[in-house]
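The values are calculated or read from the model by the stated rules, or taken from the named source; none is laboratory data. On a predicted model such as this, the values are computed, not experimentally measured, just so you know. Glycine gets a Cβ as well: all are built from the backbone with ideal geometry, and neighbour counts include every protein chain shown.
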């Protein structure tokens with residue numbers, strides 16, 4: 001089959017969660033089908049030209065020189081007046097790219113990866129369409145609304161939720177299938193497409209268990225790691241809370257403890273974080289496996305966002321035991337005390353981390369169980385094949401109509 005893959009994120013190099021998911025879905029499809037990718041490429045925005053390259057699987061990739069999230073930081077009044085989420089604002093560059101590349105070939109299926117590119121998936125209208133929502137903007141909006149306290153904040157969040165839900169629902173109802181990464185989001189999306197023939201399936205995030213093997217680095221005593229870029233608001237919130245409320249409790253018990261935070265800090269307000277000499281910010285690293293595998297414990301004190309956490313799956317695959325909040329472990333079929341340790345209050349989280357740093361046998365127990373879990377349920381090879389099977393099934397159904 002010939003498949004056109006439209007991506008909100010440029011999938012190479014796969015250096016964040018969304019890029020990783022796009023990368024592995026593309027790679028899985030390209031093993032048995034002819035795939036062409038059109039993806040936003042904000043890194044090339046100054047050039048303003050549509051660029052063509054070859055991906056690692058020899059897949060043609062067209063880079064659209066624009067950032068799909070270019071408007072999300074505009075003043076609140078603009079967000080309020082916009083009829084749709086600013087992350088979904090139309091791009092003339094993407095429209096032209098899909099028009100020129102997309103119309104040059106007969107496609108058996110079109111895959112839209114995340115909401116910002118879903119609006120471009122309708123050429124020609126008779127082609128089978130699959131929408132990998134990944135993280136639903138409206139579901140995230142619902143979660144955000146539940147956390148607001150003041151009347152004005154709740155009012156703004158409710159308006160944002162309404163716009164996101166109306167926009168995503170209108171789009172999703174025009175696809176033959178939608179995929180999400182967690183059962184919670186599946187129920188939400190099924191309610192959006194009720195009354196249509198659109199099927200909704202859970203296809204979780206995963207990890208490359210071949211690439212991520214235990215033993216790539218020697219764990220250091222009392223070393224903690226958080227493998228998430230602070231440029232993402234949920235990661236920033238997690239570290240702001242951890243450094244202010246939890247880390248001081250751990251240091252009081254274990255003065256030799258250290259924390260490594262990986263990922264870009266470009267444009268991040270570091271003054272808002274309670275950093276000290278025991279906290280190391282790596283910035284972008286060539287191989288994130290090394291700091292993760294080199295830590296005794298991976299922390300995931302996440303309080304916001306949705307979906308399954310690739311950072312946790314990476315740590316589990318590498319043999320690094322994980323301490324997380326319930327929100328951080330949300331969507332994972334992991335059991336507290338067997339595969340992972342879970343706590344939500346600052347004192348409880350600190351106690352779990354201290355206990356794990358002091359108990360080598362417990363670290364080994366969690367490490368072995370977590371590795372078995374990701375091998376059985378979260379290997380990208382199996383997850384990617386399920387996605388390929390879905391695209392093939394939807395295409396066959398569309399042809400028979």
* Can you name the residue in the stretch 256-267 that is part of a loop (DSSP other than H, G, I, E, B) and in contact with a strand residue (DSSP E or B) (Cβ under 9 Å, 6 or more places away or on another chain) and is also nearest to residue 325 (Cα to Cα) among such residues? -> 257
* Of these, 83, 68, which one is assigned by TED's automatic domain parsing to the domain that holds residue 169 and either over 24 Å from the mean Cα position of the chain (by Cα) or modelled with pLDDT under 90 (or both)? -> 83
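Would you mention how many residues in the stretch 29-45 are surrounded by fewer than 23 Cβ atoms within 10 Å (Cβ to Cβ) and over 21 Å from residue 137 (Cβ atoms)?
Residues of the stretch 29-45 that are surrounded by fewer than 23 Cβ atoms within 10 Å (Cβ to Cβ), as a first pass: 30-34, 36, 42-45.
In the following step, the residues that additionally are over 21 Å from residue 137 (Cβ atoms) were identified as 30-34, 36, 43-45.
Residues flagged as surrounded by fewer than 23 Cβ atoms within 10 Å (Cβ to Cβ) and over 21 Å from residue 137 (Cβ atoms) within the stretch 29-45 amount to 9.
Residues to consider are 374, 353, 388, 323; find the one that is more than 26 Å from residue 261 (Cβ to Cβ), touching a helix residue (DSSP H, G or I) at 6+ places or on another chain (Cβ under 7 Å) and surrounded by 17 or more Cβ atoms within 10 Å (Cβ to Cβ). Reasoning before the result, please.
Details: 374 fails: more than 26 Å from residue 261 (Cβ to Cβ); 353 fails: more than 26 Å from residue 261 (Cβ to Cβ); 323 fails: more than 26 Å from residue 261 (Cβ to Cβ).
The unique qualifying residue is 388.
If you take the residues of the stretch 193-209 that are part of a loop (DSSP other than H, G, I, E, B) and free of Cβ contacts under 8 Å to residues at least 60 places away in the same chain, which of them is farthest from the chain's Cα centre (by Cα)? Break it down into steps so the answer makes sense when it comes.
Looking only at the stretch 193-209, we keep the residues that are part of a loop (DSSP other than H, G, I, E, B), and these are 193-198, 203-206, 208-209.
If we keep only those that are free of Cβ contacts under 8 Å to residues at least 60 places away in the same chain too, we end up with 193-198.
Working: 193: 23, 194: 26, 195: 29, 196: 27, 197: 27, 198: 23 Å.
The extreme case among them is 195.
So how many residues does the stretch 224-235 have that are surrounded by 20 or more Cβ atoms within 10 Å (Cβ to Cβ) and not in a loop (DSSP other than H, G, I, E, B)? Quick ask: steps written out before the conclusion?
First, pick out the residues of the stretch 224-235 that are surrounded by 20 or more Cβ atoms within 10 Å (Cβ to Cβ): 224-230, 235.
This time we only want the ones that are not in a loop (DSSP other than H, G, I, E, B), so: 224-226, 235.
Qualifying residue count for the region: 4.
Test of understanding: among 286, 348, 364, which residue is farther than 16 Å from residue 207 by Cα, without any contact (Cβ under 8 Å) to a residue 24 or more places away in the chain and not in a helix (DSSP H, G or I)? Spell out how you get there, then give the answer.
Numbers: 348 fails: not in a helix (DSSP H, G or I); 364 fails: not in a helix (DSSP H, G or I).
The match here is 286.
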* Asked: Is it true that some residue in the stretch 340-356 is under 25 Å from residue 19 (Cα atoms) and within 23 Å of the chain's Cα centre (by Cα)?
  -> no
* Structure fact -> Scanning the stretch 139-160 residue by residue, those touching a residue at least 12 places away in the same chain (Cβ under 8 Å) and more than 15 Å from the chain's Cα centre (by Cα) turn out to be 141, 142, 143, 144, 145, 147, 156, 157, 158, 159, 160
* Can you name the number of the only condition in (1) without any contact (Cβ under 8 Å) to a residue 24 or more places away in the chain; (2) surrounded by 20 or more Cβ atoms within 10 Å (Cβ to Cβ) that residue 329 fails? -> (1)
* Matching option when the condition is buried (at least 17 other Cβ atoms within 10 Å of the Cβ) and under 22 Å from residue 357 (Cα atoms), among 291, 255 -> 291
* Structure fact -> For the stretch 309-320, the count of residues that are surrounded by 24 or more Cβ atoms within 10 Å (Cβ to Cβ), out of contact with any strand residue (DSSP E or B) (no Cβ under 8 Å at 6 or more places or on another chain) and in a loop (DSSP other than H, G, I, E, B) equals 0
